[in-house]
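The values are calculated or read from the model by the stated rules, or taken from the named source; none is laboratory data. Note that the structure is a prediction, hence the values are computed from the model and not measured. With ideal geometry, Cβ positions are generated from the backbone for all residues, glycine too; neighbour counts draw on all protein chains shown.
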Amino acid sequence: MTMALRFECIDFESFSPARLYEVMALRQEVFVVEQQCFYLDADGKDLEAWHLCGYDEETGALAAYARILPKGTAYPEYPAIGRILTGPKVRGTGAGRVLVAEAIAACERLCSEGPIKIGAQSHLERFYGSFGFKMVGQPYLEDGIPHIHMIRD
């Protein structure tokens, strides 16, 4: 059974302090604590981004998140989707597939249709490939984790 999520996509200025705290806490839980990636999450790109928040329809808790970056924010020629994550409580429920589909639709709506670029963890190549993303360039290490760039035409 696929996880039921309610999505909200907002710009940085529209965040309430409580919502911003919720997003930053989930990003840190997944990327910093779980994956043990010690990096500066507040990289300045949040100010230019739209924030796609997926809330568990049953509990109302933030369960999934992705950051939509306009062209020129992460990559000079492409809009991007980044900080893609599902919380530990919803993994294995299909929430990740729902999130990525919603993120692609939001990116196309907000940044105009065209190619989208992501920096994906290498072990997720097949997952993102199922959405039409294809690997470009060479694998690289980011925060000690193998990554690849992928583009969806």
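Observations on the model:
- Residue in region 128-145 that is surrounded by 20 or more Cβ atoms within 10 Å (Cβ to Cβ), in contact (Cβ under 8 Å) with a residue 12 or more places away in the chain, out of contact with any helix residue (DSSP H, G or I) (no Cβ under 6 Å at 6 or more places or on another chain) and not in a helix (DSSP H, G or I) present: yes
- Looking only at region 3-26, and only at residues there that are within 14 Å of Gly60 (Cα to Cα) and charged (D, E, K, R), the one that is surrounded by the most Cβ atoms within 10 Å (Cβ to Cβ): Glu22
- Candidate set from region 81-124 (those that are acidic (Asp, Glu) and surrounded by fewer than 16 Cβ atoms within 10 Å (Cβ to Cβ)); member that is nearest to the chain's Cα centre (by Cα): Glu108
Quick grid of which residues meet (1) assigned to a strand (DSSP E or B); (2) touching a helix residue (DSSP H, G or I) at 6+ places or on another chain (Cβ under 7 Å); (3) in contact (Cβ under 8 Å) with a residue 40 or more places away in the chain:
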{"site": "Thr2", "(1), (2), (3)": "no, yes, yes"}
{"site": "Ile10", "(1), (2), (3)": "yes, no, yes"}
{"site": "Glu29", "(1), (2), (3)": "no, no, yes"}
{"site": "Val33", "(1), (2), (3)": "no, no, no"}
{"site": "Leu52", "(1), (2), (3)": "yes, yes, yes"}
{"site": "Arg83", "(1), (2), (3)": "yes, yes, yes"}
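- Among the residues making up region 54-78, those that are closer than 17 Å to Ile104 by Cα and in a strand (DSSP E or B) are Gly54, Ala64, Tyr65, Ala66, Arg67, Ile68, Leu69, Tyr75, Tyr78.
- Inside region 22-51, residues that are of a type in the set (Phe, Trp, Tyr), out of contact with any strand residue (DSSP E or B) (no Cβ under 6 Å at 6 or more places or on another chain) and farther than 26 Å from Gly144 by Cα make up a count of 0.
Per-residue answers, yes or no, for (1) among the acidic types (Asp, Glu); (2) assigned to a loop (DSSP other than H, G, I, E, B):
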site: Glu13; (1), (2): yes, no
site: Lys89; (1), (2): no, no
site: Gly92; (1), (2): no, yes
site: Val98; (1), (2): no, no
site: Glu102; (1), (2): yes, no
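- Against the test of being surrounded by 20 or more Cβ atoms within 10 Å (Cβ to Cβ) and within 16 Å of the chain's Cα centre (by Cα), the options Tyr78, Tyr55 yield a single qualifying residue, Tyr78.
- Some residue of region 98-117 being in contact with a helix residue (DSSP H, G or I) (Cβ under 6 Å, 6 or more places away or on another chain) and either farther than 18 Å from Leu26 by Cβ or in contact (Cβ under 8 Å) with a residue 12 or more places away in the chain (or both): yes
- Within region 78-119, the only residue that satisfies the criterion of being more than 18 Å from Cys9 (Cβ to Cβ), modelled with pLDDT of 95 or more and charged (D, E, K, R) is Lys117.
- Residue match in region 29-36 (condition: more than 15 Å from the chain's Cα centre (by Cα) and over 19 Å from Leu124 (Cα atoms)): yes
So that you can scan it fast, the table gives a plain yes or no per residue for (1) hydrophobic (A, V, I, L, M, F, W, C); (2) at pLDDT below 95:
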site	(1), (2)
Ser122	no, no
Gly129	no, no
Met135	yes, no
Glu142	no, yes
